[in-house]
1. Once you charge only the Cβ atoms, +1 for Lys and Arg and -1 for Asp and Glu, what is the size of the charge dipole of the chain about its Cα centre, to the nearest 20 debye?
2. Using a 1.4 angstrom probe and counting only protein chains, how large is the accessible area of residue 156 in Å², to 10?
3. How much length, in nm to one decimal, is gained on full extension between residue 61 and residue 184, taken as 0.36 nm per residue of separation minus their Cα-Cα distance?
4. Over the heavy atoms of residue 80, what accessible area does a 1.4 Å probe trace out, to the nearest 10 Å²?
5. Set the Förster distance to 25 Å, then compute FRET efficiency between residue 124 and residue 104 from the Cβ-Cβ distance, nearest 0.05.
6. Packing-wise, with mean Cβ within 10 Å as the measure, how do 59-66, 82-89 rank, highest first?
7. Computed from these coordinates, which is Rg and Dmax of the Cα atoms in Å: [x] 19.5, 67; [y] 18.3, 59; [z] 20.5, 65?
8. Considering only protein heavy atoms, with the full assembly of protein chains and a 1.4 angstrom probe, order 102, 20 by accessible area, largest first.
Amino acid sequence: LLADTDRLRLSLGLGMALKDAGDFERAHDVLSEIARVAADAGDRHLELRALVERTFGVSQTDPDSVDIAWARDLTDESLRASELEDDDDGVIRALLLSAYLDVTALRYSDAEPKLRRAVELATRIGALRHQSETLMALGAVLVYGPAPVPDAIGQIEGYIGDPSTSTTIVSAESHEYRALLYAMQGDLDAARAVMAESQRRLEDSGLEASIA
C-alpha cells in the first residue's frame, strides 16, 4: 500500500469487501496496514475510517476483545472528522458502528436516532449498500427496542411502502421483522402470512438462497 490518498481509499474499499465476504483475517490485515500508512502520512481521517472498519470486523469475530470505551471514542472522533471532510460514507459508517455498540449494551433508544440519521443520509446520497445495511439494523432495533409494537409495525411498513427505501432485500427482511412483531402481539396467522410474503418476494427475485 502506498501513502497516496486515492490508493489508500481504494484499499479501504478492498478491506470492506473482504470483511463483507467473510475473509476477516485478510480484511484485518489490510485495514491495519491502511491505518498504519495513513497515520504515517498524517491522514488522521483515513486512519480513523480504517480503524472503524477493522473494529466492525473484530466485533463480529471476537466481540469480547473489543474495548468498548475505546471504540466509542473512536466512533465519536471518526464521526466528527468525517463531518468536517464532508465524507458521507464515513459519517454513515461511524453512526452504524456507534449504534452497534449501543445495541450490544442493550441501549436501543440510543441506537435508534443514529440509525435513522444514517438511513436518511444513505437514502439522500443514493448509497444502496449503506441504505440496506442501516435499514435492516433499524428494523432490528424497532423489534427489540422500547417502541410499542403497533408503532414499530407502522414504521417498518412505512419503509416498505416508500420507493426511496424499499429494495427487494430490505422489503423481504422488513417483512420478517413485521412477522416477529405480529407474533409478539399474539397474531400468529398474520405472522405466518407476512413470512410467506417475505419468502415469495425473495423467490420471485431469484434470491431464494437469502432465505434462511
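1. Values: 21 positive and 39 negative charges, 39 e Å.
Dipole size: approximately 180 debye.
2. 10
3. Here the answer is 41.2 nm.
4. Taking all protein chains as shown, residue 80 has close to 130 Å².
5. E between residue 124 and residue 104, to the nearest 0.05, is 0.35.
6. Details: 59-66: 12.0, 82-89: 15.0.
Ranking, from highest mean packing down: 82-89, 59-66.
7. Correct label is [y].
8. Values: 102 0, 20 95 Å².
Per-residue accessible area, sorted high to low, gives 20, 102.
The values are calculated or read from the model by the stated rules, or taken from the named source; none is laboratory data. Model, not experiment: these values are computed from the prediction. Cβ coordinates were reconstructed from backbone atoms using ideal geometry, including for glycine residues, and neighbour counts include every protein chain displayed. Surface areas here come from the heavy atoms of the whole protein model, side chains and all, with no ligands, DNA or RNA. Shrake-Rupley method; radii C 1.70, N 1.55, O 1.52, S 1.80 Å.
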